[in-house]
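Input: a single structure, listed below in structure tokens.
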Amino acid sequence: MLKLLDSLRLPRGCATAVREITASEGAAFPAEERLIRRAVAARRAEFRAGRAAARDALARLGCAPQAIPAYAERDPIWPRGFVGSITHCGPMAVAIAARAQSQHSVGIDLEQDSALEARLIASVCRPDEIRPSGEIDHRIDQAKLRLVAKEAVYKALFPLRRAMLGFHRVRVTFAPADGSFSAFRCDAPDDRSPGASPVRIAGTGCFRHRPPWLLCVFVMPGTARAYITAPASAYPYFKRPFSVV
């Protein structure tokens, strides 16, 4: 996992960290423990490892250890001056953190590289994404990679608008040569539909595949602030908020 993270080409002011999820991960701050006092043991271990990874990433940016509580929607409340994102999968918890003065928001998602269940493909991929694409290595499940990339985009957007996009409201395109991807807001169901005019979401994506893992990161620079601060009514593609782990 460390090699996977080290291979990311992240902008300056970003840092990542990983922790293995184990039952021995001790409690850290009372403000965090209150959030999981009723959780099962497995969820407590996952939560603690995620927060520990987040503090490790923050420490690399010069942030002193401190509690990382959560909003009502369960996404982390990052220390003042920093933004970040946490993901859990299997025995791993991974976090990314960035200085808010350089990056407006970041999102990260980690999944195993097994194929996405057939019943979920149409829910995750737009019709124009289901068609075979030569932009993705044949060894990577196309639908699964799109899921991970979109999750990273959503995690970056959610703290800014307190709302989530539907899967079909985002299209992602990949550049295997440098392991990057771009995200576009789409108001039409298919690029060939009348009036379709995808708008690029301000930010840069990065994807990596190292069996058995698929990892995606989406970073929105400080210049993305103008895009985000428009009234919510201007963005009908945003759905009502729902819980985010």
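The values are calculated or read from the model by the stated rules, or taken from the named source; none is laboratory data. Keep in mind it's a predicted model, so treat the numbers as computed, not measured. Ideal geometry is used to build each Cβ from the backbone, glycine not excepted, and the neighbour counts take in all protein chains shown.
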Query raised in the report: Which members of the stretch 34-90 meet the condition of being hydroxyl-bearing (Ser, Thr, Tyr) and in contact with a Leu (Cβ under 8 Å, 6 or more places away or on another chain)?
Result: Thr87
Query raised in the report: Name the residues in the stretch 47-58 that are free of Cβ contacts under 8 Å to residues at least 24 places away in the same chain and either touching a Gly at 6+ places or on another chain (Cβ under 9 Å) or surrounded by fewer than 23 Cβ atoms within 10 Å (Cβ to Cβ) (or both), would you?
Result: Arg48
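Okay, residues lined up against (1) outside any strand (DSSP E or B); (2) in contact (Cβ under 8 Å) with a residue 12 or more places away in the chain; (3) of a type in the set (Val, Ile, Thr); (4) assigned by TED's automatic domain parsing to the domain that holds Leu10:
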site: Ile121; (1), (2), (3), (4): yes, yes, yes, no
site: Glu129; (1), (2), (3), (4): yes, yes, no, no
site: His138; (1), (2), (3), (4): yes, no, no, no
site: Val148; (1), (2), (3), (4): yes, yes, yes, no
site: Phe174; (1), (2), (3), (4): no, yes, no, no
site: Cys216; (1), (2), (3), (4): no, yes, no, no
Query raised in the report: Has the stretch 137-148 got any residue that is in contact with a Gly (Cβ under 6 Å, 6 or more places away or on another chain), at pLDDT 95 or above and closer than 30 Å to Lys3 by Cβ?
Result: no
Query - Residue identified as farther than 26 Å from Phe207 by Cβ and under 21 Å from the mean Cα position of the chain (by Cα) among Ala72, Ala53 - result: Ala72
Requested in this report: Just give me the residues in the stretch 105-129 being at pLDDT 95 or above and either within 13 Å of the chain's Cα centre (by Cα) or basic (Lys, Arg) (or both), in sequence order.
Outcome: Ser105, Val106, Gly107, Ile108, Asp109, Leu110, Glu111, Arg119
Report task. Only one of these is modelled with pLDDT of 90 or more, closer than 14 Å to Leu160 by Cβ and aliphatic (A, V, I, L, M): Val219, Val172. Name it. Result -> Val219
**Report entry** Given (1) buried (at least 24 other Cβ atoms within 10 Å of the Cβ); (2) modelled with pLDDT of 95 or more, number of the condition Leu157 does not satisfy
**Finding:** (2)
**Report entry** Per-region count, the stretch 5-30, residues closer than 26 Å to Gln101 by Cα and of a type in the set (A, V, I, L, M)
**Finding:** 6
Report summary line: Checking Ala59, Ala64, Ala53, Ala70 in turn, the sole residue that is closer than 17 Å to Glu33 by Cα and out of contact with any Ser or Thr (no Cβ under 9 Å at 6 or more places or on another chain) turns out to be Ala70
Query raised in the report: Before we move on, is Ala95 within 15 Å of the chain's Cα centre (by Cα) and in contact (Cβ under 8 Å) with a residue 12 or more places away in the chain?
Result: yes
